[in-house]
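One structure below.
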Amino acid sequence: MHITGKLEVEVDINCHGDIFHEIFSTRPHDVSTMSPENIHGCDVHDGECGKPGAIIFWNYTLDGKKCVAKELVEAVDEEKKMVRFKIIEGDLLKEFKSFTLVVQVIPKDNITGVRWTAEFEKVHDEGHYPTKLIDFCIAVTKDIEAHHLKDDKK
């Protein structure tokens, strides 16, 4: 038996959604300066930022443990303000046969929603669900928001 699933969370932020989308589509290397407790480095190993086919390597801390992830940018949709990453190597693949992470900006009246969607297939049926990763995405989102709100006050 294989367990597949999808976890989704939407976080409301008070900074402009275009900036948030731009960070994950074309400037992922900047995330480590905005969320240094969570993201320690990001390098583009192949391809071009903002383009499908790019390979991005992340160093991060999840639940107190130093981790790595190599991601393939599967899609960038400027109209929908969405980026889709497929994990192709790294710590997450110890627990999941497949793992895809989607970040999408959702414009609202006076605020912006940031929707994170994790799609996965577990290696072991009794293994954990990626709730800690969703918490991690929320923390990174809040850090990016705080960074931009601080810059707006300058």
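The values are calculated or read from the model by the stated rules, or taken from the named source; none is laboratory data. Computed from a predicted structure; not experimentally measured. Quick reminder, even Gly has a Cβ in these numbers, built from the backbone with ideal geometry, and neighbours come from all protein chains shown. Only protein heavy atoms, including side chains, enter the accessible area calculation; ligands, DNA and RNA are left aside. Shrake-Rupley method; radii C 1.70, N 1.55, O 1.52, S 1.80 Å.
In the stretch 88-102, which residue that is assigned to a strand (DSSP E or B) and open to solvent by 10 Å² or more (accessible area, probe 1.4 Å) is nearest to Gly53 (Cα to Cα)? Filtering the stretch 88-102 for residues that are assigned to a strand (DSSP E or B) and open to solvent by 10 Å² or more (accessible area, probe 1.4 Å), the one nearest to Gly53 (Cα to Cα) comes out as Ile88.
Within the bounds of the stretch 42-49, is there any residue that is without any contact (Cβ under 8 Å) to a residue 12 or more places away in the chain, more than 27 Å from Lys150 (Cβ to Cβ) and either loosely packed, with under 14 Cβ neighbours inside 10 Å or not hydrophobic (A, V, I, L, M, F, W, C) (or both)? Let's see the steps before the verdict.
Step one: list which residues in the stretch 42-49 are without any contact (Cβ under 8 Å) to a residue 12 or more places away in the chain, which gives 46, 48.
Add one more test, that the residue is more than 27 Å from Lys150 (Cβ to Cβ), and what stays is 46, 48.
Narrowing the set further to residues that are either loosely packed, with under 14 Cβ neighbours inside 10 Å or not hydrophobic (A, V, I, L, M, F, W, C) (or both) leaves 46, 48.
Yes, some residue in the stretch 42-49 is without any contact (Cβ under 8 Å) to a residue 12 or more places away in the chain, more than 27 Å from Lys150 (Cβ to Cβ) and either loosely packed, with under 14 Cβ neighbours inside 10 Å or not hydrophobic (A, V, I, L, M, F, W, C) (or both).
Residue-wise test of (1) assigned to a strand (DSSP E or B); (2) modelled with pLDDT under 95; (3) over 18 Å from Ile134 (Cα atoms).
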site	(1), (2), (3)
Val9	yes, no, no
Ser25	no, yes, yes
Asp43	yes, yes, yes
Ala75	yes, no, yes
Lys80	no, no, yes
Lys86	yes, no, no
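Could you tell me whether the stretch 119-132 includes any residue that is out of contact with any Asp or Glu (no Cβ under 8 Å at 6 or more places or on another chain), assigned to a helix (DSSP H, G or I), of a type in the set (Ser, Thr, Tyr) and surrounded by fewer than 19 Cβ atoms within 10 Å (Cβ to Cβ)? Taking every residue of the stretch 119-132 in turn, at least one turns out to be out of contact with any Asp or Glu (no Cβ under 8 Å at 6 or more places or on another chain), assigned to a helix (DSSP H, G or I), of a type in the set (Ser, Thr, Tyr) and surrounded by fewer than 19 Cβ atoms within 10 Å (Cβ to Cβ).
Leu149 passes every criterion in (1) modelled with pLDDT under 95; (2) surrounded by 14 or more Cβ atoms within 10 Å (Cβ to Cβ); (3) in a helix (DSSP H, G or I) apart from (2).
Answer yes or no: is there a residue in the stretch 28-40 that is over 23 Å from Lys132 (Cα atoms), open to solvent by less than 20 Å² (accessible area, probe 1.4 Å) and part of a helix (DSSP H, G or I). I'd like the intermediate steps shown before the answer.
As a first pass, look at the stretch 28-40 and keep what is over 23 Å from Lys132 (Cα atoms): none.
No, there is no match, as no residue in the stretch 28-40 is over 23 Å from Lys132 (Cα atoms), open to solvent by less than 20 Å² (accessible area, probe 1.4 Å) and part of a helix (DSSP H, G or I).
If you scan the stretch 103-118, which residues turn out to be surrounded by fewer than 15 Cβ atoms within 10 Å (Cβ to Cβ) and either within 15 Å of Leu92 (Cβ to Cβ) or among the polar types (S, T, N, Q) (or both)? The one that is surrounded by fewer than 15 Cβ atoms within 10 Å (Cβ to Cβ) and either within 15 Å of Leu92 (Cβ to Cβ) or among the polar types (S, T, N, Q) (or both): Asn110.
Report yes if Phe57 is touching a residue at least 12 places away in the same chain (Cβ under 8 Å), under 21 Å from Gly17 (Cβ atoms) and assigned to a strand (DSSP E or B), otherwise no. I'd like the intermediate steps shown before the answer.
Numbers: touching a residue at least 12 places away in the same chain (Cβ under 8 Å): yes; under 21 Å from Gly17 (Cβ atoms): no; assigned to a strand (DSSP E or B): yes.
No, not satisfied.
Just wondering, is there one or more residues in the stretch 54-64 that are surrounded by 19 or more Cβ atoms within 10 Å (Cβ to Cβ) and either aromatic (Phe, Trp, Tyr) or touching a His at 6+ places or on another chain (Cβ under 6 Å) (or both)?
So the first thing to find is which residues in the stretch 54-64 are surrounded by 19 or more Cβ atoms within 10 Å (Cβ to Cβ), and the list is 54, 56, 58, 60.
Next cut, either aromatic (Phe, Trp, Tyr) or touching a His at 6+ places or on another chain (Cβ under 6 Å) (or both) only: 58, 60.
Checked against the condition, which is being surrounded by 19 or more Cβ atoms within 10 Å (Cβ to Cβ) and either aromatic (Phe, Trp, Tyr) or touching a His at 6+ places or on another chain (Cβ under 6 Å) (or both), the stretch 54-64 yields at least one hit.
Scanning the stretch 92-120 for residues that are within 15 Å of the chain's Cα centre (by Cα) and farther than 24 Å from Asp18 by Cβ turns up Leu92, Phe99, Glu119, Phe120.
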